[in-house]
Amino acid sequence: MPPLVFGALCIVALFALIILQVPIAFALIAVGVAGFASQEGWHSALQFLASEPAALLSTVDLSTLPLFLIMATVVSIAGFSDDMYSAATAFIGHRRGGLAYATVGACAAFGAICGSTTATAATFGKIALPAMLRRGYSPQFASGTIAAAGTLKSLIPPSLVMILYCIVSKTFIFDMFTAAIIPALLTIALNMIAIYISVWRNPKAAPVSQRLSWRERSAAAKNAIPALALLLAVFGGLYGGVFTIVEAASVAAVLSLVFALAGRRMSWTGLLQGLYQAAASTVMLYMILIGASVFTYCLTLARVPEALVEVIGNLDAPPFAVIVLLMIAYIILGTVFEELSAILITLPVVLPIVVHLGYDPIWWGVLNVVQIELAMIHPPMGIVVFLLHGLAPDIPMRTIYRGVVPFIIADFAVLVLLMVFPAIALWLPHALAR
């Protein structure tokens, strides 16, 4: 069977299982093993299924996942996210659009100590949305700001999406983290500009709230000290060269537990519940990784990536045009799948093409994260928009979609800038490598 026909059948079978509501991890494993067996026989396929998970799970970098998940769970249960939002609100909440600026800033800070985009969006949907509505912010502007700010997470280390991308693509996690720093700052800046333009055009969307006294501001800042200390300790050590990525994850998990227990922010029951949640999330991610690895090996054995590279090479199209087409495909795909599934399902096929075209896999990883996060708020199927509507069912979906339009424009600007100027992502890793 020609490789491209075989690859197409595998993709169709995979999507058919997903439509039938088979969990993505098991769908990947089933198609991968069946495809392997069709080429090498069932005995070889089952032997591979027995050996591949053990080889994959022995990867040292994979230990960062449960450690960062423990930190994220503890931070959420202990209420550190509420403290960061309250501190940001205390200092800039009295300015027009101040709560929106505070939401973006707090989401960015919380994203640095939380591993999940949906968890970040859900957390601030519960904290920030009621606060903004109580102060007279329009539902459209408030919900749009929170939806967009929630998607910042995946660009801010430690991003589970970036860690998994690096493990599957066999690239260095630290390089990926450093490559995402400037794009993340650029995205935050453009989101702030989007807020400024929105409140300038419609001042009624964001009334000015009362200025707090310096005593109240100091109290709010004091409450946020544990969260800020956690950020400084973990990421100061990581980017200062004190920790490796695995050591940083270990320090993050231990310090979050120490701060939560020392401050009596978490009971032993809450601790056990948090560890259970982290363990459940870890198992889910490990299963998806195993499935992606089996599926990747099946396609590689059938020489599907090589056949695709050959077809792309024979096209009379410039590499940049191919990248643009891939961007469009990912944005469409991201409206149907959550970001992790979209990346891991397509990476075995797409990454060889990108590398063949002469692009850096680290740059492509950053671009992947930006485009998938954009798809999470892009109509018609933005997952984060659905999440916010579930938290606030009285706000219509169309209202939330109208609210995210300025932020969609800002994210598109980031995407275009990264495509035209790859140095935005690659300059810092290259500078640190010298």
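The values are calculated or read from the model by the stated rules, or taken from the named source; none is laboratory data. Not measured: the values here are computed from a predicted model. Virtual Cβ from ideal backbone geometry, glycine too; neighbours counted across all protein chains shown. Just the protein is used for accessible areas: all its heavy atoms, side chains included, with ligands, DNA and RNA removed. Shrake-Rupley method; radii C 1.70, N 1.55, O 1.52, S 1.80 Å.
For the chain, the longest principal axis of the alpha carbon atoms and the long axis of helix 214-223 meet at an angle near 30°. Per-atom-type breakdown for the chain gives carbon and sulfur 69% of the accessible area (1.4 Å probe, protein chains only). Taking the Cα centre of the chain as origin and assigning +1 to Lys and Arg Cβ atoms and -1 to Asp and Glu Cβ atoms, the resulting dipole is close to 1900 debye.
Against the chain, whose longest principal axis is taken from its Cα atoms, helix 139-150 shows a tilt of about 50°.
Roughly how much of residue 298 is accessible, in Å² to the nearest 10, using a 1.4 Å probe? Approximately 0 Å² for this residue.
Computed extension gain for residue 44 through residue 412, at 0.36 nm per residue and net of the alpha carbon distance, reaches 127.9 nm. Measuring with a 1.4 angstrom probe and ignoring ligands and nucleic acids, residue 211 comes out at about 150 Å² accessible.
Pairwise Cα separations in the chain fall into 10 Å bins from 0 onward with the following percentages, short to long: 4, 21, 30, 27, 13, 4, 1, 0.
Solvent-accessible surface of the chain, averaged per residue with a 1.4 angstrom probe and all protein chains in place: 43 square angstrom. In the chain, the longest principal axis of the Cα atoms and the axis of helix 319-334 are about 70 degrees apart. Within the straight-line cut-off of under 19 Å between alpha carbons, the lysines reachable from residue 153 are 126, sequence neighbours fewer than 8 places apart in one chain being disregarded.
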